[in-house]
Amino acid sequence: MSVLPRAGDEEERLGPASTLIKGGRLVTASEDFVADLLIRGETIAAIGDSLDGPANRVIDATGRYVMPGCVDPHTHMDSPQAGTVSCDNFTSGTLSAAAGGTTTIVDFCFQQPGQTLGQSLATWHEKVARARPVVDVGFHIAVTDLSYAGALDELARLPAEQGVSSYKLFMAYKGSLMVDDGTLFEAMRVAARSGALVLVHAENGDAIDVLVSSALAEGHTEPCWHELTRPALTEAEATSRAIHLARIAGAPLYVVHVSCREALEPLVRAREAGWQVWGETCTQYLFVDRSALYAPGFEGAKYVFTPPPRGEEDRERLWRALDGGSLSVLSSDHCPFRFADQKALGRDDFSRIPNGAPGVENRLPMLHHFGVREGRISLSRMVELLSTEPARLFGLAPRKGTLAVGADADLVIFDPERPLTMSARTHHSNVDYSLFEGTRVLGGPETVLVRGAPVVDEGELVAVPGQGRFVKRARFGEPLPVRGAASPV
Ligand code: URP
Ligand code: ZN
Ligand code: ZN
């Protein structure tokens, strides 16, 4: 790929005011064709044959895919857990996202003990402002307590007033994040009238708590007990319960990190019945086997994420569900804890190992190589899973998630032949290990633009802190209006 005249210093830093991308293969969820694409300022100004600018910069994208920037609706930057904090803040985490072709993340603001929802959101806005992210950021609110006066009204106002149009509730993590069914159902009733999508972490936290306590009482402390105390049916039971409660409440529901075939079953049934239910899985569930938790010594702690990794048949079923539409999104659930000192908190007790793993940078190249190149999904389906569907479900469309005149110029110019090796030595996250260490793939982002400005340029991370912005998302089912207007070319 060649890059023609470069702009001056200021434009080098902020990105040129206009960019013409010539001859790329434009891929959206529904189309795939060779064309030129012109960016003016922050938005897409034109798509067509033989566009000739004028433009500050011309990129020859022959042989490359030009795709909408990926939207990762499930990340945990600067996120407190188990007495520590995930080791990527909104700077390093969004640098890692950008390097992997993700131009928008929707992260979780956790309601803190003793705080109102509004107080917690203020804390999270400060985290983002301090970190000056390099990609756009939205928030889900993770609700832990609705018992204070005015909580339900406050929750109801978040979609329209704060652009926080999704509520996450945890059915597990007893004693910290877990809510009871009454709280879950209350939140669902509020969501049904306020225009929010309800997200659930679906595992039966009470049953898991009993299993964990008895394993520890019997002296079992190793990482493999993370998996042994979280059987697939605890996930299936909670998934089914959440689906039924959401149906009664009339709320749209999104089940995060579906890991196994047992949990897919109720999801598939509900979707076949036309219920407003969607599900995601995450990259790690497509690749990591439960046996990873049994690695010698304490190595298994690297694979302590929740729900735990499952087996071969589950992975096959998840791939089919991604292809066939039973699952709508592939997220990363990027929640990194360093092996050296953070995972080590649970050296003598598996239940104290911080739950989570990195992956925001790996999602696109892994899905492209093992999904598209190996024939499991089409290229357009990849774009749909990584960009278009998360943008639509989370109130970012049509501004994001597609290639259209007027939409934000969040783009990935993707070289399908680029060799990459997944490794902690080369990724941009602060974490000291990779779930996919040594995995070689073909295909990776070459240039990534956030609202027209490069964050990755010809394979180099060039992002400047502060390029990203907080995005107020639309209410569930409503469009987020585009900001750019079609300009004559
Ligand atoms: O293990 C995980 N998934 N950690 C992040 C928090 C969550 O449950 O999503
Ligand atoms: Zn979760
Ligand atoms: Zn998560």
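Quick look at the values:
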read-out	value
Per residue, the convex hull volume that the Cα atoms of the stretch 26-108 enclose (Å³)	125
Globularity index of the chain, i.e. its alpha-carbon radius of gyration over 2.2 N^0.38 Å	0.93
Accessible-area composition of the chain, carbon plus sulfur, in percent [1.4 Å probe]	50
Viscosity 0.890 mPa s, 25 °C: Kirkwood-radius Stokes-Einstein D of the stretch 44-162 over Cα pairs, µm²/s	145
Amide proton proximity set for Gly359, modelled H, under 5 Å, gap of 5+	Cys335
Alpha carbon centroid spacing (whole Å) that separates the stretch 297-342 from the stretch 148-192	26
Residues of the stretch 381-431: accessible area per residue with a 1.4 Å probe, Å²	31
Rough spin-label spacing in nm, given labels placed 7 Å along Cα→Cβ, for Glu272 and Ala160	3.9
The chain, relative contact order [Cα under 8 Å, separation at least 6], %	22
Whole-Hz couplings from phi, Karplus 6.51/-1.76/1.60, listed for the stretch 332-345; x for Gly and Pro	9, 6, 4, 8, x, 10, 4, 5, 4, 10, 9, 4, 4, 4
Spacing of the two label points (7 Å from each Cα toward its C-beta) at Glu458 and Lys174, in nm	5.8
Qualifying lysines (Cα of each under 21 Å from Cα of Lys127; at least 8 residues distant if same chain)	Lys168, Lys472
Accessible area of Arg451 in the full protein assembly, 1.4 Å probe (Å², nearest 10)	20
Surface per residue (accessible, 1.4 Å probe) for the stretch 50-185, Å²	31
Zone of Leu442's modelled label, taken as backbone nitrogen in the stretch 352-395 under 19 Å from a point 7 Å along Cα→Cβ	364-380, 382
Inter-label distance for Leu345 and Glu417, nm, one decimal - labels placed 7 Å from Cα along Cα-to-Cβ	4.7
C-alpha center-to-center spacing [the stretch 17-34, the stretch 56-96] in angstrom	21
Sequence-distant lysines (8 or more away, or on other chains) whose Cα lies within less than 18 Å of Lys302	Lys343
Placed amide H near Leu26: partners under 5 Å, 5+ positions off or other chain	Phe33, Val34, Ala35, Val66
The stretch 426-489: mean projected area of Cα convex hull, nm²	8.2
Expected 222 nm ellipticity per residue - DSSP helices of 4 or more, -39500 (n - 2.57), all of the chain, to 500	-7500 deg cm²/dmol
Positive-end extreme of charge dipole, the chain - chosen from His428, Ser378, Ala263 (charges on Cβ)	Ser378
Per residue solvent-accessible surface (Å²) - the stretch 189-320, probe of 1.4 Å	37
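The values are calculated or read from the model by the stated rules, or taken from the named source; none is laboratory data. All values derive from a computational prediction rather than experimental measurement. So basically every Cβ, Gly included, is an ideal-geometry build from the backbone, and we count neighbours across all protein chains shown. Surface areas here come from the heavy atoms of the whole protein model, side chains and all, with no ligands, DNA or RNA. Shrake-Rupley method; radii C 1.70, N 1.55, O 1.52, S 1.80 Å.
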